[in-house]
Amino acid sequence: MREPERGSCEGLSLQEQLQLKGLRKALKSAGIPDEDLWLRYFSIGGMVGEYEVDAYLQSSHSLPALQRDLLAHAANELIDELPALPRAPYNEQCP
């Protein structure tokens, strides 16, 4: 029997796999380091240690739904704090 590859979601429920995939995508696109995520998660009441969160992000440890939701909330708070990306101006907005 072969070991699951690092980063694969084997052993996690389908719902947990989907939530983790979305979290990873959000963190990557926003450029948020795992350490920043854990600090925010812990500051809003997360009960899982940094080691366990890292293991979850690597798909090698399952977390209860409430803790996963707190991680998602922490990520969303960090994303909301990022500066808005520049937007393309319309013709009437140009001098």
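Just so it is clear, none of the values below were taken in a lab; they were calculated from the coordinates. All of these numbers come straight from a predicted model, not from anything done at the bench. Cβ coordinates were reconstructed from backbone atoms using ideal geometry, including for glycine residues, and neighbour counts include every protein chain displayed.
Take every Cα pair under 8 Å whose residues are at least 6 apart in sequence, average their separation, divide by the length of segment 39-95, and the relative contact order is 41 percent.
P(r) tail, segment 39-95: Cα-Cα pairs separated by more than 17 Å, 50% of all pairs.
With helices as the sole contributors, the chain gives -17000 deg cm²/dmol at 222 nm; each DSSP H run of n ≥ 4 counts as -39500 (n - 2.57), and the sum is divided by every residue. For the chain, the residue among N76, F42, Q19 whose Cα projects farthest onto the positive side of the dipole built from Cβ charges is Q19.
Please work out how much length the chain gains when fully extended from S43 to A88, using 0.36 nm per residue of separation minus the C-alpha to C-alpha distance, in nm with one decimal.
Residue separation times 0.36 nm, minus the Cα-Cα distance, leaves 12.6 nm.
Distance between the pseudo-spin-label points of A30 and Q17 (7 Å out from Cα toward the beta carbon): 2.5 nm.
Using the Kirkwood radius over Cα pairs, work out the Stokes-Einstein diffusion coefficient for the chain at 20 °C and 1.002 mPa s, in µm²/s as a whole number.
In µm²/s, the coefficient is 145.
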